[in-house]
Amino acid sequence: MIRKLKIEKYSVIWKLMGFSIVGVVVTLFSIILLYIFIQLINLNVYIGYVISYLFSIFLSLMFNNFLVFKSRSINVRKLIKYYLIYLISMLIGLISLWIFELLFPELNKFWLSILCVPITYTWNFHFSNKLLSN
């Protein structure tokens, strides 16, 4: 029983580490998109956030499904659930962005969007782990 708990503990730790690495890659991708949309194209911060997030969800699904959680396939049901997890996370991020905008009105919009990352990261790992773990 104790050995099983240790194995499960390390399994979660390895998944968390892999999820974190994928998260860094996807976050960098997302930050680049945010910068392009908000700073270079002058797109509305909310529209830029949504577009960036939708592209990032797909990249995240591919990396996490095949590399981190070692799932063999993606079916329509898993795809829909994954997008739901991340769309709820996006809503949480948008609400957080709105709150941060109220709290820090002078802060650059790009940095306001970066403040949302730790909040959405926690949500995403918890529910992605439940969905993608074998």
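Can you work out which of the residues in the range 71-113 that are of a type in the set (A, V, I, L, M) and crowded, with 16+ Cβ neighbours inside 10 Å is farthest from Asn44 (Cα to Cα)?
Ile85
Select from the range 51-74 the residues that are touching a residue at least 60 places away in the same chain (Cβ under 8 Å) and in a helix (DSSP H, G or I) and list them in ascending order.
Ser60, Asn64, Asn65, Val68, listed by residue number.
Just to be sure I understand the filter: pairs with C-beta atoms under 6 Å, separated by 6 or more residues or on different chains, first member in the range 98-122 and part of a helix (DSSP H, G or I), second member modelled with pLDDT of 90 or more and aromatic (Phe, Trp, Tyr). Which pairs pass?
Leu112/Phe100
Tell me, which residue of the range 85-97 that is of a type in the set (Val, Ile, Thr) and touching a residue at least 12 places away in the same chain (Cβ under 8 Å) is farthest from Arg72 (Cα to Cα)?
Ile92
The values are calculated or read from the model by the stated rules, or taken from the named source; none is laboratory data. Quick caveat, the model's predicted, so the values are computed rather than measured. Heads up, the Cβs are rebuilt from the backbone with ideal geometry, glycines too, and the neighbour counts pull from every protein chain shown.
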